[in-house]
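Comments concern the structure below.
The values are calculated or read from the model by the stated rules, or taken from the named source; none is laboratory data. Since the structure is predicted, the reported quantities are computational estimates derived from the model, not experimental observations. Every residue, glycine among them, receives a Cβ derived from its backbone with ideal geometry; neighbour counts consider all protein chains shown.
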Amino acid sequence: MNALIQNDATALIAQMGQAARAAAQVLSIASTEAKNRALLEAAKALRVSKAAILEANAQDMAAGRAKGLTAALLDRLELNDKRIEAIAVGLEDIAALPDPVGATLAEWTRPNGLRFQRVRTPLGVIGVIYESRPNVTADAGGLCLKAGNACVLRGGSESFNSSRAIHAALVAGLKSAGLPEAAIQLVPTTDRAVVGAMLVAAQWLDVIVPRGGKSLVARVQDESRVPVFAHLEGNCHLYVEASADLAMAKSIVLNAKLRRTGVCGAAETLLVERTAVATHLAPLVQMLLENGCEVRGDAETQKVAAAVKPASKEDWATEYLDAIIAVKVVENLDTAIRHIETYGSRHTESIITQNQDHAAEFMRRLDSAILLHNASTQFADGSEFGFGAEIGIATGKLHARGPVGVEQLTTFKYLVHGTGQVRP
């Protein structure tokens, strides 16, 4: 890498980081009223500037088509009236959430009279590195703000114009509430060197959240000197048992795979219990094919329809993010769990069954961040959890797991109250 470019990127992140640190000090003690006002005013600004946002997005979409982005990536990138309204509503939903900062998580008194409190406090400054989804600009900015954190956002080059237009609305909200503009900063360049600079900026950033493809997340996890909330892949599974109501199973499978194929909660593998082959396999496969989904199946699944393509071992471990699904017949619950443990990414799995004991066993034994019973994997979304939005889905085991909302963007500190005690 050109040393001059890297030096410029390092200087930029240092400048933004220093401003973010100062803003974080203000936000950590900002009133709930001020934070909520900033969010609500930002939502208003989004609606008022809808035409400008759509124009910016049209530029990004045209550049994306010229660049040859896949249909899934273009879907992630595209904004329309409905999606802009959803972004605005998301900010309003965040404003309606309880303020986590200052909440007492636990308190107790020791025999010596010392009174202890564990209290929520902001993380500080959060760096968010994301790719083609411009809505992340608002989701991340809004969640960080509500949790009392400043943030440095580095959006992808594909969504650069859209993200700038959305960021302008967030800044308008901050101004209206009298909060520092540096509370939500957007990196003003598409220079890739900035990513490297953020990954080593432990002086300025307390946490990094990567939200994008496997290569981006892998790089962040490998190179970051800053703690990371991340998931590498969303290889999500559906397991259908013989006791499953067929109409319910069809509805869930169709939604889990095809509602939006480019989201990390989209189902990528369908497992069907062997005793359900005669009743469930063919209707589910035919339904997927009729709705334009490519099916890659094992030998038994291939017998269902000539259009089913042979599945390779690689298919079981693939996050397609496209209208493709791998289908396999498994003996029973045990073999389904073993398959998911072998090939899954510990993101989201769902069991479709009327057997409550099997559902409980599925949820007890699997270690994925999100486990569902008789529901679509596409509920793997912070807004569906009641979090208002999410900054990402974390599949690690430390601090945050599953949708990362306002509570997960805080840590805690201990307050100890005495009456003159000294330690013997």
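Brief remarks on what is shown
So that you can scan it fast, the table gives a plain yes or no per residue for (1) assigned to a helix (DSSP H, G or I); (2) touching a helix residue (DSSP H, G or I) at 6+ places or on another chain (Cβ under 7 Å):
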residue	(1), (2)
ASN112	no, no
VAL119	no, no
ILE126	no, yes
ILE129	no, yes
SER132	no, yes
ASP139	yes, yes
LEU153	no, yes
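- Among the residues of the range 344-366, those that are within 21 Å of ASP381 (Cα to Cα), out of contact with any helix residue (DSSP H, G or I) (no Cβ under 8 Å at 6 or more places or on another chain) and of a type outside the set (Gly, Ala, Ser) comprise ARG346, HIS347, MET363.
- The one condition from (1) outside any helix (DSSP H, G or I); (2) under 18 Å from the mean Cα position of the chain (by Cα) that GLY102 does not meet is (2).
Residue by residue, here is whether (1) at pLDDT 95 or above; (2) of a type in the set (Val, Ile, Thr); (3) more than 16 Å from ALA147 (Cβ to Cβ); (4) not in a helix (DSSP H, G or I) holds:
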site	(1), (2), (3), (4)
MET1	no, no, yes, yes
LEU4	no, no, yes, no
ASP8	no, no, yes, no
MET16	yes, no, yes, no
ALA22	yes, no, yes, no
LEU40	yes, no, yes, no
ARG47	yes, no, yes, no
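- Here ARG364 does not qualify as more than 24 Å from the chain's Cα centre (by Cα), free of Cβ contacts under 8 Å to residues at least 24 places away in the same chain and not in a strand (DSSP E or B).
- Any hit, the range 404-424, residues being closer than 30 Å to PRO111 by Cα, small (Gly, Ala, Ser), touching a Lys or Arg at 6+ places or on another chain (Cβ under 9 Å) and not in a strand (DSSP E or B): yes
- Residue check: GLY388 meets all listed conditions (1) surrounded by fewer than 23 Cβ atoms within 10 Å (Cβ to Cβ); (2) in a loop (DSSP other than H, G, I, E, B); (3) not hydrophobic (A, V, I, L, M, F, W, C) but one, namely (1).
- Residues in the range 250-277 that are of a type in the set (Lys, Arg) and in contact (Cβ under 8 Å) with a residue 60 or more places away in the chain: LYS257, ARG259, ARG260.
- If you go through the range 236-279 and pick out every residue that is acidic (Asp, Glu) and more than 16 Å from ALA375 (Cβ to Cβ), you end up with 2.
- Screening the range 210-312 for helices (runs of 4 or more DSSP H) wholly inside it with 3 or more residues that are closer than 22 Å to SER345 by Cα returns the ranges 214-223, 246-258.
- Among the numbered conditions (1) surrounded by fewer than 14 Cβ atoms within 10 Å (Cβ to Cβ); (2) at pLDDT 95 or above, the only one that THR70 does not meet is (2).
- Residue in the range 26-44 that is in contact with a strand residue (DSSP E or B) (Cβ under 8 Å, 6 or more places away or on another chain) and not basic (Lys, Arg) present: yes
- In the range 199-209, the count of residues that are out of contact with any helix residue (DSSP H, G or I) (no Cβ under 6 Å at 6 or more places or on another chain), part of a loop (DSSP other than H, G, I, E, B), polar (S, T, N, Q) and farther than 26 Å from ALA394 by Cβ is zero.
- A Cβ distance below 7 Å, combined with a sequence gap of six or more or placement on separate chains, defines the contacts here; from the range 71-87, residues that are under 16 Å from PHE160 (Cα atoms) reach residues that are acidic (Asp, Glu) and assigned to a helix (DSSP H, G or I) in the pairs LEU77/ASP60; LEU77/GLU158.
- Pairs, first touching a residue at least 12 places away in the same chain (Cβ under 8 Å) in the range 100-119, second among the aliphatic types (A, V, I, L, M) and loosely packed, with under 11 Cβ neighbours inside 10 Å, C-beta under 7 Å, six or more apart: LEU114/VAL416; PHE116/VAL416; ARG118/ALA106
- Odd one out for LEU174 among (1) at pLDDT 95 or above; (2) closer than 24 Å to ALA147 by Cβ; (3) of a type in the set (A, V, I, L, M, F, W, C); (4) not in a helix (DSSP H, G or I): (4)
- Hey, GLY90 under 30 Å from GLU158 (Cβ atoms) and of a type outside the set (Lys, Arg) or not: yes
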